[in-house]
Structures are given as structure tokens and as C-alpha cells.
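The values are calculated or read from the model by the stated rules, or taken from the named source; none is laboratory data. All of these numbers come straight from a predicted model, not from anything done at the bench. Here the Cβ positions follow ideal geometry from the backbone for every residue, glycine too, while neighbour counts run over all protein chains shown.
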Amino acid sequence: MELINKYFSLSDEQLSSFKQLMVLYPEWNAQINLISRKDIENLEERHLLHSLAIAKFQNFKKGTRILDLGCGGGFPGIMLAIVFPDVHFTLIDGRNKKIMVVNDIIKKLDLKNAFGIHGRAEESKGKQYDYVVTRAVATIEKLQNWTLKLIKNEQINARPNGIIALKGGNIKEEVKALNKSDYYEITPVSSYFAEAFFEEKFILYLQH
């Protein structure tokens, strides 16, 4: 875990969980295409560490509730659940096969603070969260529309509740679709991690 050790000071138990992920994801990827064959060779950098950029951006307080929308194989939710054991994570995806993988990995890591559900965020009723996190799911405008009723008004963290999205591509063009009254921040992931892969990666935070 050379890269994760480079940027994070984790407990032996947390490091053990990340080491298990380095075995579990290739095993599952041989059965279900979670990650491109090319990327599985760069699992730690392009998926585990990339997911953890959110942990650099926001130190979530104990009791925070987070929805990982369109979690796929569990990125970034599972990684964040390892780093923040006192924060509750719900991982949702419309593809049942991927939620099956997510829940199997959660069980094998014995993560008590995370679980996966099959469904669509916009159909989720009754539950609310402090933050919605995503990675390469949809435009920020769509994410805003899908999550309007899912984000709490009451906050417990220093940064107001909202969406924290891992993004690539032309992000400045994407935010033009937002209303002028919307508050957002764009943070280059390269401000946290020096590897070349992160030069075109960003965190887009949109306040609720």
C-alpha cells in the first residue's frame, strides 16, 4: 500500500482492509466487469487513492450520514467507510450485480458502518443525508436535481451539507448549467496527490 501510506496515516486494521481490497477487487473483476482490465493493474492509484481524495477534502465528523450515489463497485464509499469508521455510509446503484459485489466486500471487510442497496437515488424516500458523494456518475446539474430532497438542512460538519463529486473533463463548462445563486467549489485532486494521473481530476463540491 505504498501510495496510501504515502498520503495517509492509518491504523493496522485500516491498512489490512485496503490490502484485502487489492485481492478482492481483482477476484470479483474476473467475474463482473467492475473496472477496466487496464485499470485493475492500477487499482491502488486510480481507484482506492482517487476515492480517498474526498477524505483529504472533508474530514467528516462522527455521526455524519453519507449516500454514495451510483456507487458501482463501491467507489468511493467503501474506501471512505474504512477511513471514517464513525460515519454511516449508504451505497446505492441501479445495477444489482454491482450491489451484490459491494455487499460481499463490505461483509468480508467486516465494515459495520456501510451497506449497499439496489435502486435509484431519485426513488429513495424518507431518508436524508449530510452529503452525497459520487464518482463519474452524472453532470452536476443532474446530481443536484436527483438529490434535492435527499440532503438534510441541519448540519453537523463545518462545511455545509451538499454534493461532493469526483470529476474529470471540462468541469468549468459543466458548472455553467448551475444557477448563479448556487455555491460551488472546484478543487484539483493534484493539490493532494502528486501522481500524474490526478492532473485532470477534480473534486466538485455543491452546497445544498
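Evaluation of K142 against the conditions (1) at pLDDT 90 or above; (2) within 19 Å of Q207 (Cα to Cα); (3) more than 18 Å from the chain's Cα centre (by Cα); (4) exposed (fewer than 15 other Cβ atoms within 10 Å of the Cβ) shows that the sole unmet condition is (3).
When you look at V102, is it crowded, with 23+ Cβ neighbours inside 10 Å and assigned to a helix (DSSP H, G or I), yes or no? Yes, satisfied. Considering only residues that are at pLDDT below 95 and either buried (at least 16 other Cβ atoms within 10 Å of the Cβ) or at positive phi (or both), which ones fall in the range 198-208? Selection gives H208 alone. Residues that are farther than 21 Å from C71 by Cα and in a loop (DSSP other than H, G, I, E, B) within the range 154-174 comprise E154, Q155, I156, N157, A158, R159, P160, N170, listed in sequence order. The sole residue among V133, V137 that is touching a helix residue (DSSP H, G or I) at 6+ places or on another chain (Cβ under 8 Å), in a loop (DSSP other than H, G, I, E, B), β-branched (V, I, T) and surrounded by 14 or more Cβ atoms within 10 Å (Cβ to Cβ) is V137. For E199, the requirement of being part of a helix (DSSP H, G or I) and not hydrophobic (A, V, I, L, M, F, W, C) is met.
Within the range 175-197, take every residue that is in contact (Cβ under 8 Å) with a residue 60 or more places away in the chain and under 24 Å from I66 (Cα atoms) and give me the one that is surrounded by the fewest Cβ atoms within 10 Å (Cβ to Cβ). Per the criteria, the residue is T187.
If only one of A165, A194 is under 17 Å from K56 (Cβ atoms) and more than 19 Å from the chain's Cα centre (by Cα), which one is it?
Unique residue meeting the criteria: A194.
Does V83 satisfy the condition of being of a type in the set (V, I, T) and closer than 21 Å to Y205 by Cβ?
yes
In the range 198-208, the residue that is farthest from the chain's Cα centre (by Cα) out of those that are within 19 Å of G70 (Cβ to Cβ) and not hydroxyl-bearing (S, T, Y) is H208.
Cβ-Cβ contacts under 6 Å between residues 6 or more apart (or on different chains), taken from a first residue in the range 71-85 that is closer than 15 Å to L43 by Cα to a second residue that is of a type in the set (S, T, Y), are listed as F75/S51; P76/S51; M79/S51. Checking each residue in the range 32-55 for being exposed (fewer than 14 other Cβ atoms within 10 Å of the Cβ) and within 13 Å of I105 (Cβ to Cβ) picks out only I32.
If you take the residues in the range 156-174 that are crowded, with 17+ Cβ neighbours inside 10 Å and modelled with pLDDT of 95 or more, which one is nearest to H50 (Cα to Cα)?
Pass one, the range 156-174, residues crowded, with 17+ Cβ neighbours inside 10 Å: 161-167, 171, 174.
From the residues that got through so far, the ones that are modelled with pLDDT of 95 or more too are 161-167.
Working: N161: 22, G162: 20, I163: 17, I164: 13, A165: 12, L166: 8, K167: 10 Å.
Once the filter is applied, the top-ranked residue is L166.
Consider the range 60-96. How many of its residues are surrounded by fewer than 15 Cβ atoms within 10 Å (Cβ to Cβ) and closer than 20 Å to Y25 by Cβ? Adding up the residues that qualify gives 2.
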